[in-house]
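Some notes on the structure that comes next.
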Amino acid sequence: MDTQAAAQSLGRVLADSYVLMLKTQAVHWHVVGGSFVGIHSLTEEQYNEFFLAVDEIAERIRALGHDAPGSMAEYLKLSRLKEGVGGPSDEEMVTELLNAHSTMSDLLRKEIDVMDDLDDYGSEDLLVGRLRVHEKSAWMWKSVLTQITAMKGGGAPMVSVKEEKPVKKEKKKEKKAPKSEVSVKKEVPLPFKKPEAQAAESGSGGGRRKLFGVKAEG
């Protein structure tokens, strides 16, 4: 197994994780607005998890017999993520974190393939675990972003659009039902009209003759 290549791959993930941890802390410190409490709590939970994760990644590099990057200069050089929180509003900050976790998930999939080619199953298992964390984080930030949009009045149109599809389907079904009922009503009386008509025709002549007979007798 090429431990040098494995250590380099883990070093990139370590740098990405550190930059994302600092990005998360920056949002934790600077977020404002109606979603402050929820975002403040979630970012604290996530950067604490990051702190344990980077330690595990660095220790894996050391277990492979190589030095782990340990300075901000090294992290900024190796990281594929950019610093910053995206903007001053809570919506911009959450969008930045959502995109960062989505990007991190894509990067991890590539590094997992690297470990698979190297037959480094220990490092591969570690990165698969990190992938699950970032996919879940992206899902959570997407939900927070939806909530923020709804609070600002942008959620109502989205909800109405989602509800329009089933309503249209129901209307189409309702329109078809009356047509079938009408067709049945037209078909059902037909067999009853014929015998009535025949009876009327056959009895009409006799009735008239009796009436004429009565009139003639009177």
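The values are calculated or read from the model by the stated rules, or taken from the named source; none is laboratory data. What you are looking at is a predicted structure, and each value in this text was computed from that prediction instead of being measured. We place every Cβ from the backbone using ideal geometry, glycine too, and count neighbours over all the protein chains shown.
Only one entry of GLY153, GLY86 meets the criterion of being crowded, with 19+ Cβ neighbours inside 10 Å and at pLDDT below 95, and that entry is GLY86.
Any idea which of ALA5, ALA73, ALA58, ALA15 is free of Cβ contacts under 8 Å to residues at least 12 places away in the same chain and either among the aliphatic types (A, V, I, L, M) or at positive phi (or both)?
Matching residue, one of ALA5, ALA73, ALA58, ALA15: ALA73.
Within the range 49-80, the set of residues being assigned to a helix (DSSP H, G or I) and among the basic types (Lys, Arg) comprises ARG60, ARG62, LYS77. Evaluate the following for ARG80: is it touching a Lys or Arg at 6+ places or on another chain (Cβ under 8 Å), surrounded by 13 or more Cβ atoms within 10 Å (Cβ to Cβ) and touching a residue at least 60 places away in the same chain (Cβ under 8 Å)? Judged against the criteria, ARG80 is a match. Can you confirm whether GLY65 is in the same structural domain as GLU49 (by TED's automatic domain parsing), loosely packed, with under 13 Cβ neighbours inside 10 Å and touching a residue at least 12 places away in the same chain (Cβ under 8 Å)? So GLY65 fits the description; yes. Output yes when any residue across the range 34-43 is surrounded by 20 or more Cβ atoms within 10 Å (Cβ to Cβ), without any contact (Cβ under 8 Å) to a residue 60 or more places away in the chain and assigned to a helix (DSSP H, G or I), and no when none is. Looking through the range 34-43, at least one residue is surrounded by 20 or more Cβ atoms within 10 Å (Cβ to Cβ), without any contact (Cβ under 8 Å) to a residue 60 or more places away in the chain and assigned to a helix (DSSP H, G or I).
Within the range 81-99, the set of residues being in a helix (DSSP H, G or I) and either of a type outside the set (D, E, K, R) or more than 26 Å from the chain's Cα centre (by Cα) (or both) comprises MET93, VAL94, THR95, LEU97, LEU98, ASN99. All told, SER102 meets the bar of being surrounded by 14 or more Cβ atoms within 10 Å (Cβ to Cβ) and not in a loop (DSSP other than H, G, I, E, B).
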